[in-house]
Every structure is written in C-alpha cells, then in structure tokens.
1. If all Cα-Cα distances of region 43-132 are sorted into 5 Å bins from 0 onward, what percent lands in each bin, rounded to whole numbers?
2. Let me know the volume per residue of the alpha-carbon convex hull for region 171-272, in Å³.
3. Would you list, by chain and number, the lysines whose Cα falls below 18 Å from the Cα of K6, excluding same-chain residues fewer than 8 positions away?
4. Please label the shape of region 73-184 as rounded, prolate or oblate, based on the square roots a ≥ b ≥ c of the eigenvalues of the alpha-carbon gyration tensor (a/c under 1.5 means rounded; beyond that, a/b larger than b/c means prolate, else oblate).
5. Using alpha carbons only, how many degrees (0 to 90, rounded to 10) separate the axis of helix 208-227 from the longest principal axis of the chain?
6. Starting from the 7 Å offset along Cα-to-Cβ, what nm value, one decimal, do you get for the label separation of R210 and L261?
7. Taking one equal scatterer on every alpha-carbon of the chain, how large is log10 of I(q)/I(0) by Debye at q = 0.11 1/Å?
8. Among 75-83, 215-223, what's the highest-first ranking by average C-beta atoms within 10 angstrom per residue?
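Computed from the coordinates by the stated procedures, all read-outs in this text should not be read as laboratory data. In this text the structure is predicted, and so the values were computed from the model without any measurement. All Cβ positions, even for glycine, are placed from backbone atoms using ideal geometry, and neighbour counts span all protein chains on display.
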Amino acid sequence: MSGQFKARVAQIADKGLFYTTIFLLFVPLLFSPKDPNFDDFFYEPKFRALTVLSIFASLFLLLRLLTCKEPLKASLLDTGALLFFGLCAIAALFSYNLSRSIYGVPFRREGLITQLGYAATFLSASFSLNTESRRKKFFSFLFLSALLVCAYGIAQYLGLDPVPRDRRRSDVWWKYQSFATLANPHYFADFVLLILPTFAFLVLVNTKLRLIIYSGFFTLSFTALVSSLCRGGYLAAFICAILAFFLSLYLRCLHIKKVILLLLLAALSFGVVEAYGRWRRYYSCLLYTSPSPRD
C-alpha cells in the first residue's frame with residue numbers, strides 16, 4: 001500500500017468515524033409505527049440501527065488503526081470502558097442461556113449485541129472528536145436530538161401523541177407517563193438526565209443571549225424529566241444538582257442569582273406538570289364515574 005493511498009484511506013476512515021458518531025446521536029429518535037396490534041414500534045428499529053452503525057464504526061476504527069501514521073492513544077476512560085465491555089462479553093458467553101445473553105429478552109434486546117454496539121459508539125466518539133470544531137458540531141447535534149426527544153415526551157404527556165402506540169403501550173398504565181420515543185418512562189428519564197446537567201452548567205457559565213437560550217433548554221428538558229413521573233429520575237436530578245454545584249465552586253463560576261434562576265425554572269416546570277397531571281387524572285375519573293345518559 002503506497003503512502004499516498006494509505007493517507008487517503010486514513011482520511012476517509014477518520015471522516016467516516018465522525019459522521020457515524022453523528023448518526024448515532026439520532027438513534028434514540030427512531031421508531032417504526034406499524035399496525036397498532038404490533039408489539040414493538042420502538043426497540044426493534046433502534047436495535048437494527050445501532051447494530052448497523054456500530055458495524056460501520058468498527059470498520060472505520062479498524063481502518064484508522066491500520067492506516068494512521070501515529071498510533072491511537074487510549075485514555076484511562078477508554079481503557080476502563082474496554083475492560084467493562086470485555087467483562088460483559090465474557091459473562092454473556094458463559095451464561096446459562098447463551099441465546100438470551102446474546103440477543104436479549106424479547107422486546108428489550110439488551111443482550112451482548114447491544115452492549116457491543118454501546119462499546120462501538122463510545123469508542124467512535126472517543127477517537128473521532130479530536131478537534132474543537134468537531135466537538136462543537138457533536139454537541140450541537142446532541143442538543144438537537146435531546147431537545148426533539150424532550151419535546152416529543154412533553155407533547156405525549158399533554159395527550160398530543162402524534163403517532164399511534166403499539167399494543168404494549170396502549171393500556172391505562174402508560175396513559176399518564178411520557179416515554180417519548182424510548183418506549184419506557186425510566187429509559188426516557190435516564191436519557192434526559194444525560195443532558196440535563198449540561199444545560200444547567202451552561203446556564204451557570206453563560207450570560208445575556210446564551211443564558212436565555214440555555215435557560216429555555218434547561219426548562220424544556222426538566223419539564224420532560226418531570227413528565228416521566230419517575231421518582232428515581234427525580235433523585236438522580238437532585239444528585240446531579242449537587243455535583244454541578246460543587247463543580248461550579250471548583251471552576252469559580254457559581255453565581256447565586258443563576259442558582260436561584262435554575263431553582264425557579266425547576267419549580268415552575270414541576271408545578272405545571274404536577275398541576276396538569278392532577279387535573280387530567282381528576283377529569284378522567286369524572287368521565288369514568290359519570291352516569292350514562294338514560295334513553
């Protein structure tokens with residue numbers, strides 16, 4: 001392989017790895033509405049997309065390793081992630097039910113294939129976001145994906161679900177909790193919690209127009225978190241708030257006025273969602289218990 005051709009392949013692999021990372025950000029938005037009697041609109045499309053994109057990410061990463069002039073340096077975080085996913089793979093291969101360990105249970109698909117997809121996603125982001133411009137693009141698309149999921153979850157909580165639900169999510173149990181495009185209120189809360197501390201931190205360190213923008217992002221994401229009605233998510237948000245507080249102290253960017261602003265926005269979001277939820281449940285009870293008109 002000539003040096004020029006090798007450099008060209010390395011460049012293509014580097015760009016391919018970056019764009020694959022960007023595409024992976026939109027996997028949480030994927031679902032496939034079909035016949036309402038179908039059992040799974042949500043997990044299967046994500047599983048297929050994650051599997052295909054992780055294969056591409058692995059191929060591009062392998063090409064980078066083979067053609068890059070300088071060897072890729074793994075950080076301590078990369079090493080820890082590889083160790084974790086390696087232990088997951090060993091545990092899955094020695095499992096009593098090998099098929100379930102590899103593919104996961106029906107309608108969840110959280111087996112070894114999915115775990116390896118997460119590993120490829122992590123390594124793809126770790127080795128492709130190597131410039132400031134790429135990191136800015138990454139966070140821009142990350143914010144876009146997260147805000148779209150949050151907006152869908154809030155609309156769903158308000159009863160404005162634009163897409164018919166599958167059979168598993170059409171009963172009363174799913175009526176008052178939002179799960180957006182993630183098929184489960186707990187998964188939805190986990191997803192929001194990945195981005196919520198970032199928006200809170202950006203509110204603390206920015207001023208003027210950016211402060212207004214990130215305050216709106218924080219309000220939208222916190223409202224989405226509350227609409228999931230997951231107590232574990234509330235507790236995790238409280239812990240994240242404490243960590244953000246100490247991080248702001250460490251970076252000397254803590255402003256009491258902004259902390260009060262965040263608390264007011266959080267209280268407003270919680271109050272609106274709680275008030276609407278109680279009204280909706282009360283109104284539903286009235287409709288359910290009201291006598292039918294006589295002939």
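1. Bin by bin from 0 Å, the calculated values are 3, 13, 20, 22, 19, 12, 7, 3, 1, 0.
2. Output value, Cα hull per residue: 90 Å³.
3. Within reach: K15, K69.
4. Working: a/c = 3.73, a/b = 1.23, b/c = 3.04.
Oblate shape, in that a/c is at least 1.5 and b/c is the bigger or equal ratio.
5. That helix lies at roughly 70 degrees to the long axis.
6. 1.2
7. The computed values of log10 I(q)/I(0) come out as -0.81.
8. 215-223, 75-83
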